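Have a look at the structure below before the remarks.
The values are calculated or read from the model by the stated rules, or taken from the named source; none is laboratory data. These figures come from a predicted structure and were not determined experimentally. Here Cβ is always computed from backbone atoms with ideal geometry, including for glycine, and neighbour counts include all displayed protein chains. We work out accessible area using only protein heavy atoms, side chains counted, and drop any ligands, DNA or RNA first. Shrake-Rupley method; radii C 1.70, N 1.55, O 1.52, S 1.80 Å.
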Amino acid sequence: MSSRAQNYEFQERWNKQREFLDKPENTAFLTVEIHSPTSDPTVDKGHTLSERQLSWLWLLKFQQLATSLAWLTNGSIDLLRTANRRIAASKTDSPSDSSISSRLYRIIKYFFISGDSAVVLRVGSVFEGMAFQSPVGGVGGGRGVESLCQVSVDRIVFILGCFWIKYRKLRPVAAAGYVGRDNLEDYPIVLVQIPMCNEREVYQQSIAACCIQDWPKERMLIQAPSYMHRLQGWEPEICNELYVKEYEFVAIFDADFQPGPDFLKKTIPHFKGKDDLALVQARWAFVNKDENLLTRLQNINLSFHFEVEQQVNSVFINFFGFNGTAGVWRIKALEECGGWLERTTVEDMDISVCAHLCGWKFIYLNDVKCLCELPESYEAYKKQQHRWHSGPMQLFRLCFVDILRAKVSFGKKANMVFLFFLLRKLILPFYSFTLFCIILPLTMFLPEAQLPAWVVCYVPGIVSMLNILPEPRSFPFIVPYLLFENTMSVTKFNAMISGLFQLGSSYEWVVTKKLGRSSEADLVAYAEKESDSLVVETTSLHRSSQNQAWVS
């Protein structure tokens, strides 16, 4: 009896399934294709999906998409909430949390309070320089102890100093220029040097740019030395040749720099009547600043350096570092300072410090520009930055005692130690690296370590915006610039440590790779813009001066 009951139930279920399958709307689910091994795979079996199947398929895909979007949204919200909780300045409840937070705040307050205190002194020094600044321009004498930590207030002071210079139109004014060539004896004899090393892509255009200088050819000598045997650099040796004793000034250009035809006429006159003036530095202008994102970000940093730092330091502090090129030196000053030294990879900075300690003065000309090229690859830029940040620490170790023993005022010593070396070359890379690469990542994973939003967001944002002010066209790149600077802080910190402790990589000298973007067309265009009076004779001077100028 039990078996019949089971069979009856089975038969009843089977009949219900038969009735379901016999309906027309359900027959689509029974479509099956069987491919035999010998069948032709190219034959179309005519299999298609019904509207019901397509609707279910699209509903399934929509559900998967909605699930993914919901997961991403929830994850983003959770991440924002976590970040907000980490950077919030709320008080913790447990004593241990409060102890950890207080220690962290104590360190931060130490740096920022000391920085703010020193910035007040810097504001006073700047305003002191403004008060004693002559209305016709010239170099002021404001001095002050520089801060121990670079913060946004310090950048604001620099920006205000730059605005004051533009508002008062403060700039060095030459005593008299050179007009005509009736009396060649009025023109000082100038030595033009183009140091180079394995730079075949750019050397021709640099020599051509120097040969078309609007300067009497009898009063100018062009040299193209190449010191390939040196390990740390190849700055020119000025005083080895006997005939160099006749020359009064030397203009130095790297192999990728092309000065305008009136470069000497705009720089040499500033030496008239200023026997204590050793250097006239010109500004760099970049022909490939819009080539890619890397060159745009470099242009932001260098524009701030030349437009703000060099100009403000020149006017109010009367000291800045020689940029290694696009400058004119008084040969007498180089001789008194001991000439070019090979002890570091920053010989240009070394000679600047020595000249300043010997009492010589510098002038920076922001309106005189010299065409050059930015490195377009990250590898070349990274090696350049490593050299620029390791060399100053080498020099600081070597000349710190000399600075203390120098017979200069205490203000000059303080400016050189705190501003030129500690603040710019040591504290700033250390501050950027520890904040963005150590402290902030720890606050994301340790709830006990909390930082206020102004430390995380406002200060870096304000500093970045101030850096971009001299180059307003770069404002759309403020976010990539901030991220890029945070990334480069690792390289700069590593270079600073290697130079400070004399590690092997600090003495590595690699020529920055250039591609020769500054063509002759760029040079002619620059000459047309800067010197309208020389446009007609630019081509003829370019061809004839190669036979008239002495190139050694």
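Tabulated data for the structure shown
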item	result
Heavy-atom accessible area ranking, 1.4 Å probe, most first, across E485, E12	E12, E485
Calculated Rg and Dmax of region 277-364 using C-alpha coordinates, Å	14.4, 44
Which listed pairs, of K217/K274; K166/K369; K169/K266; K266/K383; K272/K413, have C-alpha distances above 22 Å, in listed order	K217/K274; K266/K383; K272/K413
Projected area averaged over orientations for region 259-307, convex hull of C-alpha atoms, nm²	4.4
Solvent-accessible area of V490 with every protein chain in place, 1.4 Å probe, in Å² to the nearest 10	70
Largest-first principal axis extents of the Cα set of region 420-517 (Å)	46, 38, 26
Integer Hz, Karplus 6.51/-1.76/1.60 couplings in order for region 378-384, x for Gly and Pro	5, 5, 5, 5, 5, 5, 5
P(r) of region 334-414 over all Cα-Cα pairs, binned every 5 Å from zero, in whole percent	3, 12, 18, 19, 19, 15, 9, 5, 1
Extreme residue, positive dipole direction of region 362-460, given options P375, F445, L365 (C-beta unit charges)	L365
